[in-house]
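Q: Dropping the structure in here first, questions after.
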Amino acid sequence: MDLSTRRDRLSRARLYLVCDAVPGGRPLVDVLVPALRGGVDLFQLRMKGADDAAVLAAAAVAREACAAAGALFILNDRPELVAAAGADGAHVGQDDLPIARARELAGADRLIGQSTHSPAQVDASAGADYLGVGPVHTTPTKPGRPAVGTDLVAYAAAHATVPFFAIGGLDGATIGAALAAGATRVAIVRAIAEAGDPEAAARALRAQVDATPLDEPDREASRGAAV
């Protein structure tokens, strides 16, 4: 798949699941496959501190599940493993590799996402194909990272030039405020990964997101992201 096709699919993505290889203490396939059925169309495998073999083993499961569902598959923080993992791209944080270097390692035809936590970081994200904006709420998945609230979501809605996903403590009760602030896409961790019924959880969240129309200029911007 070429970069243009990946960007086009990214522009239509609405519900992004982020989790490790054992979400909620269960095998990845037992959560990811039903979540994809429920409406997840972008998945990030996040395995901080895992060795290459463990990441690639979990990536094989994720790649197969995402390919069958027509979803994009992103690898967190390990652009050098993207090709071997068969992933569609990599996601990097502010303290990780620069976007240009991440793209060199992942491959010119792969997507690169970046986490942002302030207006200045949103403005300085040139070269990224998409942004994560948050954490909207304090979350144990990002210890020590203060919540940014919905003000940053509103800023990104007005200023981001590529698609962005609001992230951080979002669930069925909190997603509405992020959408009201201007988000049209969300990234979810615990509300799906730890749900007793991941498919039902994803379906309910997807219904809320789908009630908010995609911004057409936002979709066009994703196709023109800098390489």
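Q: Please specify each residue of segment 1-45 satisfying the condition of being in contact (Cβ under 8 Å) with a residue 40 or more places away in the chain and hydroxyl-bearing (Ser, Thr, Tyr).
A: Of everything in segment 1-45, those that are in contact (Cβ under 8 Å) with a residue 40 or more places away in the chain and hydroxyl-bearing (Ser, Thr, Tyr) turn out to be Ser4, Ser11, Tyr16.
Q: When only residues in segment 129-178 that are aromatic (Phe, Trp, Tyr) and open to solvent by less than 50 Å² (accessible area, probe 1.4 Å) count, which is farthest from Glu194 (Cα to Cα)? Before you say what the answer is, go through the steps one by one.
A: Filtering segment 129-178 for residues aromatic (Phe, Trp, Tyr) gives 130, 155, 164-165.
After this cut, where a residue has to be open to solvent by less than 50 Å² (accessible area, probe 1.4 Å) as well, the list is 130, 164-165.
Details: Tyr130: 25, Phe164: 24, Phe165: 20 Å.
In this case the residue turns out to be Tyr130.
Q: Okay, moving on. Which residue pairs have Cβ atoms under 7 Å apart, sit 6 or more places apart or on different chains, and have a first residue in segment 46-61 that is surrounded by fewer than 16 Cβ atoms within 10 Å (Cβ to Cβ) and a second that is modelled with pLDDT of 95 or more and assigned to a helix (DSSP H, G or I)?
A: Asp52/Leu81
Q: Follow-up question, since we're still on this one. Within the group Ala100, Ala124, which residue is surrounded by fewer than 24 Cβ atoms within 10 Å (Cβ to Cβ), among the hydrophobic types (A, V, I, L, M, F, W, C) and free of Cβ contacts under 8 Å to residues at least 24 places away in the same chain?
A: Values: Ala100 fails: free of Cβ contacts under 8 Å to residues at least 24 places away in the same chain.
None of the other options fit; the residue is Ala124.
Q: Could you please find all residues in segment 1-38 being in contact with a strand residue (DSSP E or B) (Cβ under 9 Å, 6 or more places away or on another chain), within 13 Å of Asp197 (Cα to Cα) and surrounded by fewer than 21 Cβ atoms within 10 Å (Cβ to Cβ)?
A: Across segment 1-38, there are no qualifying residues.
Q: Could you please find all residues in segment 78-111 being at pLDDT 95 or above and charged (D, E, K, R)?
A: Arg78, Glu80, Asp88, Arg101, Arg103, Glu104, Asp109, Arg110
Q: A further question follows. Looking only at segment 74-93, which residues are farther than 16 Å from Ala108 by Cα and open to solvent by less than 10 Å² (accessible area, probe 1.4 Å)? Give the steps one after another, and end with the answer.
A: Step one: list which residues in segment 74-93 are farther than 16 Å from Ala108 by Cα, which gives 76-77, 93.
Scanning segment 74-93 gives no hits.
The values are calculated or read from the model by the stated rules, or taken from the named source; none is laboratory data. No experiment lies behind these values; they were computed from the predicted model shown. Neighbour counts run over all protein chains shown; Cβ positions are idealised from the backbone, glycine included. SASA here: full protein model, heavy atoms, side chains in, ligands and nucleic acids out. Shrake-Rupley method; radii C 1.70, N 1.55, O 1.52, S 1.80 Å.
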